[in-house]
Each structure stands twice: as C-alpha cells, then as structure tokens.
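Engineer: Take this structure, written in structure tokens, and hold onto it; I'll ask about it next.
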C-alpha cells in the first residue's frame, strides 16, 4: 500500500520551519505496515496544489495532506480541494460543534471567521479534530483516500494516531506488525551495539528488525516483527527481549509497546512513588528547574511531588540549603559534598521521603581544566542514605541539562525499585 | 527564479531522520532572492528519481538534489543522472584528488570502492567537496541547472554556502527579498486576523506577503517583500510594521529579521535584565519549574537569574513563601492574593529586583465550575509594585504550562521595557 504526503505552506519552502510532521507520519505509517512513496512540500498556491494532488494520485493509494487550513487569508487548501474534486462547499454541523467546543474551553464565542472553518467540500467526511478549530477531511474517491489535516503538529499527531490510522486499517488490509521498544539509559549507542552484537544477528532468523533510536542520555531499541499471525509476533519479540535482559538488564528502565501508552522515565518514577506512597523534592542548580518540570509535567504529580529549591546563585545554596560557605570555597559548587548537602537539606526542609539534587557546568562558559563543561554531580537522598555520582557529558548546554535530568531520574528509579 | 529541491533516500520517507537539509537550503536560497517551488523526497529508486527530475524540470530553472551519493549503499543517484542526461561516466582527476586528500587527513590510502567515487557523468562540472569523498556535480543543460550534492548535512552546507550560491548568482539575475517577522504573545490567530484585516489588505499594494506562524500562546507574523531595489523593500516593510504597531503594540514582544539571529522570549527578557543590571527569581506552582527552566536554558543566565522556589504543595506555599493558611482556605491556591504573596515573598527572600509567580490548574484533574482546568494566575513583583493577571487557557496540561510560562515572561518583559 503506497502513501504520499503533501505538505502545504510557504514556511517549509523558505526554511522557516523544519518539516517534522512528515517524519512523524512516515514513522507512524511504517510502524503500521504502510510505506511512503514520496513527500512533496508545495506552496500555498492553487495551481501548484492541484498539480501535486494529481501527481500523488498517480503514484499512491493514500494521499495525506497537511497544512493550509487556518482561518486566515493565506490558507487555500480547502477551496482548492473543492475545485479538485469538482464539488461545492457545505456547512458541517459536527465540524462547527468542534469549533464551538474549542472556543468554549477558552470562555469565548465563535467569531464569524472561525464559523467559516466548519465549511467543507460536500463530498468529504469530517473527522473530528478535538484539539483545534480546523476540520480534518477524509475523501474516498475512485478507490483512493485523500486526507487533509491541519499542519499544527499536536493536532495532526492526535488525528493521525487516534483516527486516521484506525480508519485506514479498516479501509485496507495490512499485514500485522508488532513493535516493542526497550528503553535504556546510561549506555552509549556504540557500546550498546558492541555488547548486543551477537544477539542482534540472531534476530533475522525470526524476521525481527531492530532500530536504534538515540536521544540525549538514552537509547531506545525498537524490535519490529511483521507477519500474518498476530499472536506469534508478540511471542517472538518477547522471547528475544528476555534474552536481551540477560545482557543489559542494568541499563533497561522500561518498555514501550507501540499503540499502547508510552511511558517516559518521569512517568515510571511517578508510578513507583505513587505505588509506594512516597514523596519527592528536588534541589537543582545546573538543571535550573528542568528535573522539577519533568516530574510535574506528569498529570497527577501533586500526589508525590512536593516542591523544589532552584539554587542557581551560591548564596541560595548557602541560605536555603545550608551548604557551608567553606565547602563551596574549597570544593567548588560542582562537587560531591555540595550535591550531597543539597539533597539532604531539601529532603529535610520539604519533609519528603526522597530527594534529587544536581550541580554542574552546563556550558558554554564556566569550564576549567579540572572541571570542563559537561561535568555534573547528582545526588539522591533516601530515608536510609545519600548516594551521589559524577558524570561527564558533552559541551552542548541544552543536552547537558537534559542528560543530567535523565541521569538523576534514573538514579532515583533504581533506588525506588 | 524558481528552484526545486529533491532529496533522495529511504531514511527520510520512513521518518528515521527529519529532513533538515531542505530547510537549510530553503532559507539560504530565500535569503538570496530565490524561491523554492517544491521540495520532493523520493526513494532510492531509479524510475522514481527519473520521474522526479522530469517533474521538477517542468516547474523550475534550478534543481538541487541531495543524497544517494555514498560509496557502498544502493546509492544510485549518479547512475541515474547519467541515464537522465543520456551520457556516460568519466573519471574526474579533480574529484579523485579530493578523495585522496580526505583519506590523507585520516592517514589512509584510497580503497578501490572509494576510487569509484571520482567517476561522474561526462557532461557535468565537478564542484570540489572539501569535506567528504562524494563529488558535487553541476549540470548546465538546456538553460536549466541541476546540482547533485551529498546528503551529509555539513558537506552539503559548506557546498551550498561557499560554492553553489555564488555560482548560481553568477549564472542568473535574482530579485531581492526582505523578510521581517513580528513576534506576538497573548492574542489568538483568529482574533489577531480580524483586528488587522484592513491592514493586511493594504499589503498587496506594496507587494508584501503576510504569513501567520502560530505556536502555543504566540503568533509570529512574517512580512515578505520582493523587488529589484533592495533598499526600498526594507523601507516598505518597516513602514507597514509601524502601522501595525498602532493596532497591536501591546501584543508585540519582538522582531526577527530573516537571516539574523533569532531571539526567544526568554532571551529577550534575559537581555533586558542584563542591560539593566537587574536580577530575577521565580515562585512557581502549576508551571513546576518550567519558567525557571526557560530562563536558565539561556547561556549566561547566572548573571541575572538567582533561584526559585517551586511550591507545588500547599505547605510549601505557607512555610517557604509565607502565604497565610487562611488565604489559601478562603481564596484557594489559584487566586490573586496567593500569587501576589508568592511574588512578593520570593523577591524579598532571594533578594532580587524582579520576581515572577504562577499558580493555576494545569489539568487534566483539579478543575471546578468556578475555576475550570486552564485557569491561571500570574504575578510580577518589581521594585515598585506587584501586578497580577488571570488567564483562561485550554485543557491540555503541557500547553497550559507552556502558555503560562510565555504569558509570565511577556508580563515581565513589558515591565522591563
């Protein structure tokens, strides 16, 4: 089954935004057994869109279109689809209700301009967009499917995952695919690859494909099996994962099953804290609130997360976390005694069961020969003890912050488990 | 002058990598007065590449191709170009010298496989690639230019900037383009569009195009002018922006000039604080450290950012920020007196010039009829006063956190300016 993606909008062509939508769609389709034949990015131009639709139709069975559906004047996708399918506009009550609902959550009335968003080409079926005011339109014409979606990534992603993929699966027959991803933290891609090399070679016999998906401080290993018997796929993949655990169990912090809820490290930590009825606080320096942000972006985190002190300046480490002036003077703010004191102090002050602290040199400035940029100390205080660890990350500020947070959460996870 | 970009390789189609090359090329071309008509990503497939070349040639004068030039893979770009131009391969001494030089820097001899990289279609001119072993090929056929470049971003970028753009400028005459983007915060796309509708209509007379670029809590308005006289373009755009300011000045927080450094809201705030030699602290509840994270992800933020208290639990609001128990009881934690007290307390405690506080219901739980999910109070304390504002955002937790942070930073910016 061949698919084409058409993205509409000048912002991609002039390079103002990078087209991450197509990569998301490509990945999602691939995971569901469909291949993308071509991705075309075209301008907000009637003739050009018509041409692109025609060309895509000649190559593919499914044409997924994103962008150009805003309420403003530069968005002409809808009008052009009307022309392409030689149909007229109709007012769609369901689409209008979506617009009303979105506006209601903001306590606002629908404007005349936004009322127009409920107008769609007559022959399309409206797929509900619960996250925005632009309608998603499904056209089933001469055996080919055209879907027009908004370009806003989080609207498009929800539509693709929750509605378009299931609808496509209903409409066409695909082979079964089963993906399970092993989440690892604390081991680099190349070291990992050497460690599991023989195991990796053994996957081919079961027709399982492996993909390395690295992100700062983590590598996700995705196993994908494709076949006609759904139940077999799961058995094969799980068998291989059991073998993998014998090799790298200490680095594995969780699993993701494709199509099921994904779990981030902060969600796994949150679940452990909730189950054990334990609470957490953080005392952060170089991460500047990022660990706290990760913990609190999980819904319901107020059950276990109490609060934090972000002690960026030396004085705050001293006055709020009782780090003795001498220790900072003698050991520096990025040192084992400082992070250990930070963790002990915040745990006591905020009366939590556990605490995390971090102090490091995120960069680009502040590095020395002794402590280059990327040097980080992390500590965890538990009801029984304090543990701390030194890391040496790279020289990218944003990634150092992310890696520190992930390393800290993983240290906490190990203590909780 | 119309340009098309063709990227060759399955890794983009299956979403394994995001196509950042095309955005880079698009930006660079645009900056130099060329517009990209279409970007097509196609597979490593002979027939498909031939078709894409034909289609691109019909629409554009310049066709830039990246990818499919590696030494080992099923990289068939070169062979396919040979077929497309009905020519044969020749061995290029200059291209071979590039390969030899690259291998020499690694202290290695050229392998037979890599020697093949110096073979190119006879009719092309080889453009030297100083950063890799794949040749860059320039075809000038029937008045149209085709350039085939390696897909490795840093090789492609150097080639485009240092060689291809100058060569194209020598070969064709381009009009000038000038873009300036107005950054707004606190007003939705459709409300904005209605407010500036007449102004928008007036742009056509000066041949200026407008694009709306929305992201959570913000809308960027990009004005683009094209013409023969470079100086005029800037004058026209700036004139129109002056008119726009009369309509929406309170929502504008900055500008981006295309090709110059981009600035985020936290960078703008950081610059203001640094220039004025002022310091900042935050007391966060619903944002859980996100405002602090935004402030500290800016390099050098330790010059003005002192620290924060993340008071997620009621008790921390009381013990650490002195919010009276009665006020929380009578008004709730999401209320004007609570955020104002939080801002006043952290400013005093951390001895900063300014402070930000936020308390809200990020969701999905915790909403009431009175205070639905998305209700947020933000306060700013300055050396002179405390100001506070209530917001009603949507029902998405992550976006509520982002929107609150952006709104808070924008309130601070207004106070600083």
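The values are calculated or read from the model by the stated rules, or taken from the named source; none is laboratory data. Since the structure is predicted, the reported quantities are computational estimates derived from the model, not experimental observations. Cβ coordinates were reconstructed from backbone atoms using ideal geometry, including for glycine residues, and neighbour counts include every protein chain displayed.
Engineer: Return yes when residue B:21 is more than 7 Å from chain A (Cβ to nearest Cβ) and more than 20 Å from residue B:126 (Cβ to Cβ) and no when it is not.
Structural biologist: Yes: the conditions hold for residue B:21.
Engineer: Given the criterion under 21 Å from residue B:14 (Cβ atoms) and either within 14 Å of chain B (Cβ to nearest Cβ) or exposed (fewer than 13 other Cβ atoms within 10 Å of the Cβ) (or both), identify the matching residue among A:169, A:239, A:226.
Structural biologist: Among A:169, A:239, A:226, only A:226 is under 21 Å from residue B:14 (Cβ atoms) and either within 14 Å of chain B (Cβ to nearest Cβ) or exposed (fewer than 13 other Cβ atoms within 10 Å of the Cβ) (or both).
Engineer: Now for a separate question. May I ask you to list the residues in segment B:352-386 that are out of contact with any helix residue (DSSP H, G or I) (no Cβ under 7 Å at 6 or more places or on another chain), on the phi < 0 side of the Ramachandran plot and free of Cβ contacts under 8 Å to residues at least 60 places away in the same chain?
Structural biologist: Across segment B:352-386, the qualifying residues are B:365, B:367, B:368, B:369, B:370, B:371, B:372, B:373, B:375, B:383, B:384, B:385.
Engineer: Oh, and also: Considering only segment B:284-319, how many residues are in contact (Cβ under 8 Å) with a residue 24 or more places away in the chain, in a helix (DSSP H, G or I), facing chain A (nearest Cβ under 8 Å) and over 23 Å from residue B:393 (Cβ atoms)?
Structural biologist: Of the residues in segment B:284-319, 1 are in contact (Cβ under 8 Å) with a residue 24 or more places away in the chain, in a helix (DSSP H, G or I), facing chain A (nearest Cβ under 8 Å) and over 23 Å from residue B:393 (Cβ atoms).
Engineer: Further, regarding this structure: May I ask you to list pairs of residues, at least six apart or on different chains, whose Cβ atoms are under 7 Å apart, with the first in segment A:206-221 being closer than 17 Å to residue A:245 by Cβ and the second being part of a loop (DSSP other than H, G, I, E, B) and modelled with pLDDT of 75 or more?
Structural biologist: A:210/A:203; A:219/A:187
Engineer: While we're here: Out of (1) buried (at least 17 other Cβ atoms within 10 Å of the Cβ); (2) more than 9 Å from chain A (Cβ to nearest Cβ); (3) modelled with pLDDT under 95; (4) under 24 Å from residue A:111 (Cβ atoms), what's the single condition that is false for residue B:196?
Structural biologist: (3)
Engineer: Follow-up question, since we're still on this one. Residues of segment B:375-405 being under 27 Å from residue B:279 (Cβ atoms), within 14 Å of chain A (Cβ to nearest Cβ) and buried (at least 16 other Cβ atoms within 10 Å of the Cβ), which ones?
Structural biologist: Selection gives B:376, B:391, B:401, B:402, B:403, B:404, B:405.
Engineer: Working carefully through the options B:37, B:51, B:86, B:79, find the one that is free of Cβ contacts under 8 Å to residues at least 60 places away in the same chain, on the phi > 0 side of the Ramachandran plot and either over 28 Å from the mean Cα position of the chain (by Cα) or in the same structural domain as residue B:110 (by TED's automatic domain parsing) (or both).
Structural biologist: After applying the criteria, what remains is B:86.
Engineer: Next question. Quick check on residue A:42: is it more than 30 Å from residue B:361 (Cβ to Cβ) and within 14 Å of chain B (Cβ to nearest Cβ)?
Structural biologist: For residue A:42, the condition - more than 30 Å from residue B:361 (Cβ to Cβ) and within 14 Å of chain B (Cβ to nearest Cβ) - is met.
Engineer: Under the condition of being within 11 Å of another protein chain (Cβ to nearest Cβ) and within 30 Å of residue B:229 (Cα to Cα), which residue from segment B:45-58 is surrounded by the most Cβ atoms within 10 Å (Cβ to Cβ)?
Structural biologist: B:56
Engineer: Those residues that are within 9 Å of chain B (Cβ to nearest Cβ) and either assigned to a strand (DSSP E or B) or closer than 20 Å to residue B:364 by Cα (or both), I need them from segment A:109-132; list them, please.
Structural biologist: A:131
Engineer: Quick check on this structure: which one of B:113, B:159 is out of contact with any helix residue (DSSP H, G or I) (no Cβ under 9 Å at 6 or more places or on another chain) and modelled with pLDDT of 95 or more?
Structural biologist: B:159
Engineer: Just a yes or no: is a residue in segment B:62-81 surrounded by 18 or more Cβ atoms within 10 Å (Cβ to Cβ), touching a helix residue (DSSP H, G or I) at 6+ places or on another chain (Cβ under 8 Å) and over 27 Å from residue B:170 (Cα atoms)?
Structural biologist: Looking for residues that are surrounded by 18 or more Cβ atoms within 10 Å (Cβ to Cβ), touching a helix residue (DSSP H, G or I) at 6+ places or on another chain (Cβ under 8 Å) and over 27 Å from residue B:170 (Cα atoms), one finds at least one in segment B:62-81, hence yes.
Engineer: Just checking, does segment A:96-104 include any residue being in contact with a helix residue (DSSP H, G or I) (Cβ under 8 Å, 6 or more places away or on another chain) and touching a residue at least 40 places away in the same chain (Cβ under 8 Å)?
Structural biologist: Taking every residue of segment A:96-104 in turn, none turns out to be in contact with a helix residue (DSSP H, G or I) (Cβ under 8 Å, 6 or more places away or on another chain) and touching a residue at least 40 places away in the same chain (Cβ under 8 Å).
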